[in-house]
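Structure record follows, encoded as structure tokens.
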Amino acid sequence: MAFALAVAALATGCQAPLPQPSHTGLSARETVRPDPRLAAAGAGIYAEVCSNCHGAGGRGSEWAPALTTMALDVREVAALVRAGVDPPSMPPLAGTLTETEIEAVAADTVELRYSG
């Protein structure tokens with residue numbers, strides 16, 4: 001399953017602790033919450049693929065920053081998920097997740113700011 005590969009990739013990517021971001025809040029370009037149905041679909045993907053490093057509920061860990069305080073919009077988050085962040089720290093998932101799965105997990109990540 002694609003998620004198993006992503007989990008393995010992310011598990012190996014959690015190699016060094018990262019500093020927590022200093023900014024909080026929503027992006028100035030973001031005017032509406034993500035579609036709740038899309039975010040709900042992304043929650044399972046987040047749990048399998050992202051929570052290993054970013055923690056339950058996106059609260060962060062010593063290995064990856066909290067997602068509840070990142071001021072990125074859904075498109076920006078999706079771009080990071082596609083391309084990765086300083087690979088292998090966060091490997092690119094474009095070849096592992098479908099575009100719909102990337103959009104769903106990005107929506108869930110932004111939604112974490114409202115519930116986190």
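The values are calculated or read from the model by the stated rules, or taken from the named source; none is laboratory data. Computed from a predicted model, the values in this text were never measured in an experiment. FYI the Cβ positions are ideal-geometry reconstructions off the backbone, even for glycines, and counts take in every protein chain you see. Please note that ligands, DNA and RNA were not included when accessible areas were found on the heavy atoms of the full protein model with its side chains. Shrake-Rupley method; radii C 1.70, N 1.55, O 1.52, S 1.80 Å.
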Only listed residue being open to solvent by less than 50 Å² (accessible area, probe 1.4 Å) and not in a loop (DSSP other than H, G, I, E, B), chosen from 80, 67, 112: 112
Residue pairs meeting the criteria (Cβ under 6 Å; at least 6 apart or on separate chains; first farther than 16 Å from residue 78 by Cα, in region 37-59; second polar (S, T, N, Q) and modelled with pLDDT under 95): 55/61
Test: residue in region 71-80 that is within 22 Å of residue 32 (Cβ to Cβ) and touching a His at 6+ places or on another chain (Cβ under 9 Å): yes
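Condition check ((1) of a type in the set (D, E, K, R); (2) closer than 14 Å to residue 114 by Cβ; (3) at pLDDT 95 or above) across all residues:
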residue	(1), (2), (3)
26	no, yes, no
44	no, no, yes
57	no, yes, no
67	no, yes, no
75	yes, no, no
